Amino acid sequence: MASASSFSATKFTQPLPLNGTTSRSHDKHQSFFDPLRTTPSSSSFLGSTRKLRLSSASKLKLLANPNRRSAVVAVSDVVKEKKAKSTTNLLITKEEGLVVYEDMILGRAFEDMCAQMYYRGKMFGFVHLYNGQEAVSTGFIKLLKREDSVVSTYRDHVHALSKGVPARAVMSELFGKTTGCCRGQGGSMHMFSKEHNLIGGFAFIGEGIPVATGAAFSSKYRREVLKEVDCDHVTLAFFGDGTCNNGQFFECLNMAALWKLPIVFVVENNLWAIGMSHMRATSDPEIWKKGPAFGMPGVHVDGMDVLKVREVAKEAIGRARRGEGPTLVECETYRFRGHSLADPDELRDPAEKAHYAARDPITALKKYMIENSLASEAELKAIEKKIDEVVEDAVEFADESPHPSRSQLLENVFADPKGFGIGPDGRYRCEDPKFTQGTAHV
């Protein structure tokens with residue numbers, strides 16, 4: 001039987017009432033999806049689910065444990081075109097739809113411009129683009145409050161934009177300029193903004209998850225120990241499928257469930273860990289199943305559909321904010337470019353890439369809004385034009401901004417300001433003309 005913290009499918013099919021305390025019944029007309037009894041749809045995705053669900057019936061029998069504390073829920077087969085029991089079938093209002101569309105267009109246009117600037121020599125190092133995955137960032141982050149925190153990965157530009165970091169600040173950071181959100185010292189993989197509670201991009205996979213868990217603990221501590229009754233802040237931890245075989249992932253799931261921390265673990269399963277197929281890298285590719293193993297709901301959702309992602313995100317964020325604990329959400333998505341701009345992307349099957357390109361989340365949202373009279377073609381074109389101007393302005397601003405001085409090199413590195421990096425004269429050693437003597441000039 002499902003526990004009170006379990007998700008029911010009605011939570012993801014608006015506008016049916018949300019009821020987190022409904023127990024499973026054996027009524028054949030029940031509205032929620034029970035993987036212990038239901039055969040998954042044959043219209044599942046090309047990637048992880050299509051291949052593994054052919055034999056999932058036998059696997060699901062293993063889940064029939066009466067002592068299991070949380071329901072295992074899959075959403076990709078649940079959020080269908082149901083007749084809603086209210087005055088509207090729409091999953092989003094016009095105002096919400098325009099905000100969501102603008103954010104997704106910003107992410108796509110910004111990343112496309114990054115590719116241009118990288119190949120023109122304006123950016124250095126590894127640059128990982130987010131094209132194709134916009135529904136996940138927008139679907140989750142645009143539901144947050146300013147005080148809520150986001151912890152990202154090396155693919156962090158769009159998470160920063162969705163959280164409200166200005167395009168100018170993100171582009172300047174990529175250019176290595178002082179006007180960047182990290183004064184030019186973070187670069188592509190280390191976006192950070194205290195003002196917007198973007199705790200970071202993290203270059204090593206898995207290293208952001210403990211940081212996010214700590215942020216969630218901080219929220220709970222402030223509320224329950226320091227008695228800050230208004231502190232209902234939620235943390236989102238974003239990471240990929242390749243991370244889910246690492247120890248930090250499992251350790252933090254355990255800790256978050258044990259202490260009922262206000263955190264949502266968001267897996268952006270784009271099916272590939274650089275050049276390693278997700279299907280080859282893990283014993284059970286259905287990542288969402290790992291949630292119930294630690295006593296929290298595990299949810300699988302179509303990460304190419306921003307409306308489905310939003311419905312799942314609303315409930316998961318709401319649970320965390322109400323003090324009901326963490327949720328593991330697997331968003332099955334796809335990146336339209338290589339792992340980074342240095343990746344020729346020759347390992348993935350062209351048919352697989354074509355399949356997901358045809359499911360472009362931005363195109364799907366645009367089609368939904370026009371067909372449901374939420375926006376006209378002209379309104380959406382106006383948004384696209386506006387975003388093009390924003391991105392062009394960001395590039396011009398970044399290009400004209402100054403580079404950091406050499407004296408900034410060792411700032412925020414040593415705890416003791418008179419430590420290793422300071423010479424006897426009180427100046428930074430790096431300012432000494434002999435500082436780089438004997439090293440290659442870059």
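The values are calculated or read from the model by the stated rules, or taken from the named source; none is laboratory data. If you're wondering where the values come from, they're calculated on a predicted model, not measured in any experiment. Cβ coordinates were reconstructed from backbone atoms using ideal geometry, including for glycine residues, and neighbour counts include every protein chain displayed. Keep in mind that these areas ignore ligands, DNA and RNA; they rest on the heavy atoms of the full protein, side chains included. Shrake-Rupley method; radii C 1.70, N 1.55, O 1.52, S 1.80 Å.
Residue-level check: of (1) of a type outside the set (A, V, I, L, M, F, W, C); (2) in a helix (DSSP H, G or I); (3) open to solvent by 50 Å² or more (accessible area, probe 1.4 Å), residue 213 misses just (3). Kindly evaluate residue 169 against the criterion of being open to solvent by 10 Å² or more (accessible area, probe 1.4 Å) and in contact with a Cys (Cβ under 6 Å, 6 or more places away or on another chain). In short, yes.
Scanning region 316-325 for residues that are open to solvent by 10 Å² or more (accessible area, probe 1.4 Å) and charged (D, E, K, R) yields 321, 322, 324. Looking across region 241-262, just one residue is surrounded by 24 or more Cβ atoms within 10 Å (Cβ to Cβ) and of a type in the set (Gly, Ala, Ser), and that is 256. Scanning region 164-210 for residues that are part of a helix (DSSP H, G or I) and under 16 Å from the mean Cα position of the chain (by Cα) turns up 208, 209, 210.
Residue 265 satisfies every condition listed in (1) touching a helix residue (DSSP H, G or I) at 6+ places or on another chain (Cβ under 6 Å); (2) surrounded by 23 or more Cβ atoms within 10 Å (Cβ to Cβ) except (1). Evaluating residue 381 against the criteria (1) open to solvent by 40 Å² or more (accessible area, probe 1.4 Å); (2) of a type in the set (D, E, K, R); (3) assigned to a strand (DSSP E or B) leaves one unmet condition, (3).
Criterion applied to 216, 160, 169 was being at pLDDT 95 or above, more than 30 Å from residue 260 (Cβ to Cβ) and of a type in the set (A, V, I, L, M, F, W, C), and the one residue passing it is 169. Against the conditions (1) among the aliphatic types (A, V, I, L, M); (2) touching a residue at least 60 places away in the same chain (Cβ under 8 Å); (3) farther than 21 Å from residue 115 by Cα, residue 347 satisfies every one except (3).
Remark: residue 88 falls outside the filter, which requires a residue to be assigned to a loop (DSSP other than H, G, I, E, B) and modelled with pLDDT of 95 or more. Just one of the listed residues (312, 306, 329, 299) is surrounded by 24 or more Cβ atoms within 10 Å (Cβ to Cβ), modelled with pLDDT of 95 or more, farther than 15 Å from residue 262 by Cα and touching a Pro at 6+ places or on another chain (Cβ under 9 Å), namely 306.
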